[in-house]
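A.B. asks: Can you keep this structure in mind? I'll have questions shortly.
The values are calculated or read from the model by the stated rules, or taken from the named source; none is laboratory data. Here the structure is a predicted model, which is why all the values come from computation and not from measurement. Here the Cβ positions follow ideal geometry from the backbone for every residue, glycine too, while neighbour counts run over all protein chains shown. With ligands, DNA and RNA removed, areas are computed over all heavy atoms of the protein, side chains included. Shrake-Rupley method; radii C 1.70, N 1.55, O 1.52, S 1.80 Å.
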Amino acid sequence: MTSSAATPRVALVTGTSSGIGEAVVRHFRELGHQVLAVDFNPDGKALAESMGAAFFQADLTDGEACKAAAADAIKRFGRVDILVNNAGIQHVAPIESFPETQWRRIIDLMLTAPFLLSQAVWPSMRENGWGRIINIASVHAQVASPGKSAYISAKHGMIGLTKTAALEGGAQGITANAICPAYVKTPLVDNQIADQARMHGMQEQEVIEQIMLKNAAIKRLIEPSEVAELVAYMASDAAGAVTGSSWNIDLGWTAQ
């Protein structure tokens, strides 16, 4: 597997102020791609610029903001070749007490926004006869865990969106794939550890060992750079025959 690309591309990446998104932006810039980094946190601007990327601040739960982000990328760079839908949030609570507002926010950010962004960049990809849509799903797009009803519903839905985009885009040179990591060393996971500890009455290290790594064959968290390497491969010419797939990078979780 190689992450090299013969031609510099233009990428729009969401959720870039830390974790997987930051690692993807950094790796894309190392490969020579132009990148628009999109994040809710305005502090992400300095980070993006330090990596040589442009920045667009947006609340992607707002559909108009999704369209504006895509328009900004096209205005800056003339096109969008690669879309990486990575932005995500988490709320841990049983279904019985899960707040409706949090449910809607998670679905809007993690399922509706990827749809709207894909829709917005599609004409640019179709016109150029080349496009890569890469959805950062989760091992929880394949399996479920208690307390994460909205997150898991959004990630399962993302797999369906990925498959549909693959079928519709194939004849136009557009591929769509999902990457499904287990727990990655990110601030989002750090917050989950604290939430799970409170919900289960456990110590945080117990959460890591007894919940997060319980079903893993490899007993460690994943590095963001490992996910970024797989994203780069999926965005390369070498992956031109790969579409509609869900790539597990899950430490062996789903091998059982």
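A.B. asks: When the residues of the stretch 209-223 are filtered to those that are open to solvent by less than 20 Å² (accessible area, probe 1.4 Å) and outside any loop (DSSP other than H, G, I, E, B), which remaining residue is modelled with the highest pLDDT?
C.D. replies: Step one: list which residues in the stretch 209-223 are open to solvent by less than 20 Å² (accessible area, probe 1.4 Å), which gives 212-213, 216, 222.
Checking the rest, the ones that are also outside any loop (DSSP other than H, G, I, E, B) come to 212, 222.
Numbers: Met212: 87, Ile222: 95.
Only one residue tops the list, namely Ile222.
Every residue, every condition in (1) open to solvent by 30 Å² or more (accessible area, probe 1.4 Å); (2) at positive phi; (3) touching a residue at least 24 places away in the same chain (Cβ under 8 Å), yes or no:
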site: Glu127; (1), (2), (3): yes, no, yes
site: Ile136; (1), (2), (3): no, no, yes
site: Gln142; (1), (2), (3): yes, no, yes
site: Glu168; (1), (2), (3): yes, no, no
site: Ala171; (1), (2), (3): yes, no, no
site: Val184; (1), (2), (3): no, no, yes
site: Pro187; (1), (2), (3): yes, no, yes
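A.B. asks: Looking for something free of Cβ contacts under 8 Å to residues at least 12 places away in the same chain, surrounded by fewer than 18 Cβ atoms within 10 Å (Cβ to Cβ), in the same structural domain as Ser145 (by the TED database) and over 22 Å from Glu22 (Cα atoms) - is there at least one such residue anywhere in the stretch 234-255?
C.D. replies: Step one: of the stretch 234-255, the residues free of Cβ contacts under 8 Å to residues at least 12 places away in the same chain are 241.
Among the residues that remain, those that are also surrounded by fewer than 18 Cβ atoms within 10 Å (Cβ to Cβ) are: 241.
Retained after the next criterion (residues that are in the same structural domain as Ser145 (by the TED database)): 241.
From what's left, over 22 Å from Glu22 (Cα atoms): 241.
Scanning the stretch 234-255 turns up at least one residue that is free of Cβ contacts under 8 Å to residues at least 12 places away in the same chain, surrounded by fewer than 18 Cβ atoms within 10 Å (Cβ to Cβ), in the same structural domain as Ser145 (by the TED database) and over 22 Å from Glu22 (Cα atoms).
A.B. asks: Go through the stretch 189-207 and count every residue that is assigned to a helix (DSSP H, G or I), open to solvent by 30 Å² or more (accessible area, probe 1.4 Å) and aliphatic (A, V, I, L, M). Steps first, please.
C.D. replies: Our first condition is that a residue be assigned to a helix (DSSP H, G or I); within the stretch 189-207, this holds for 189-200, 204-207.
Restricting the remaining residues to those that are open to solvent by 30 Å² or more (accessible area, probe 1.4 Å) gives 190-191, 195, 198-200, 204-206.
Keeping just the survivors that are aliphatic (A, V, I, L, M) gives 199.
Total meeting the criteria: 1.
A.B. asks: Among the candidates Ala46, Ala113, which residue alone is in a helix (DSSP H, G or I) and surrounded by 22 or more Cβ atoms within 10 Å (Cβ to Cβ)? Walk me through it before giving the result.
C.D. replies: On the way: Ala46 fails: surrounded by 22 or more Cβ atoms within 10 Å (Cβ to Cβ).
Answer to the selection: Ala113.
A.B. asks: Restricting attention to the stretch 4-14, does a residue exist that is in contact with a Phe, Trp or Tyr (Cβ under 6 Å, 6 or more places away or on another chain), without any contact (Cβ under 8 Å) to a residue 40 or more places away in the chain and surrounded by fewer than 18 Cβ atoms within 10 Å (Cβ to Cβ)?
C.D. replies: First pass over the stretch 4-14, keeping only residues in contact with a Phe, Trp or Tyr (Cβ under 6 Å, 6 or more places away or on another chain): 10-11.
Narrowing further to those that are without any contact (Cβ under 8 Å) to a residue 40 or more places away in the chain: none.
No: the stretch 4-14 contains no residue that is in contact with a Phe, Trp or Tyr (Cβ under 6 Å, 6 or more places away or on another chain), without any contact (Cβ under 8 Å) to a residue 40 or more places away in the chain and surrounded by fewer than 18 Cβ atoms within 10 Å (Cβ to Cβ).
A.B. asks: While we're on this one: I'd like the residue in the stretch 96-106 that is touching a helix residue (DSSP H, G or I) at 6+ places or on another chain (Cβ under 7 Å) and within 24 Å of Leu161 (Cα to Cα) and, out of all such residues, is most open to solvent (accessible area, probe 1.4 Å). Before you say what the answer is, go through the steps one by one.
C.D. replies: Within the stretch 96-106, the first condition is being touching a helix residue (DSSP H, G or I) at 6+ places or on another chain (Cβ under 7 Å), and the residues that meet it are 98, 102-103, 106.
Retained after the next criterion (residues that are within 24 Å of Leu161 (Cα to Cα)): 102-103, 106.
Values: Gln102: 40, Trp103: 97, Ile106: 0 Å².
Taking the candidates together, the pick is Trp103.
Matching residues to (1) in the same structural domain as Ala23 (by the TED database); (2) within 21 Å of Ala228 (Cβ to Cβ); (3) of a type in the set (Asp, Glu):
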site: Ile95; (1), (2), (3): yes, no, no
site: Glu100; (1), (2), (3): yes, no, yes
site: Ile106; (1), (2), (3): yes, no, no
site: Ala113; (1), (2), (3): yes, yes, no
site: Val143; (1), (2), (3): yes, no, no
site: Gly147; (1), (2), (3): yes, no, no
site: Gly169; (1), (2), (3): yes, no, no
site: Ala176; (1), (2), (3): yes, yes, no
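A.B. asks: Go through Phe98, Phe55, Phe40, Phe77 for me and flag whichever is in contact (Cβ under 8 Å) with a residue 60 or more places away in the chain and aromatic (Phe, Trp, Tyr). Show your work before the answer.
C.D. replies: Values: Phe98 fails: in contact (Cβ under 8 Å) with a residue 60 or more places away in the chain; Phe55 fails: in contact (Cβ under 8 Å) with a residue 60 or more places away in the chain; Phe40 fails: in contact (Cβ under 8 Å) with a residue 60 or more places away in the chain.
The match here is Phe77.
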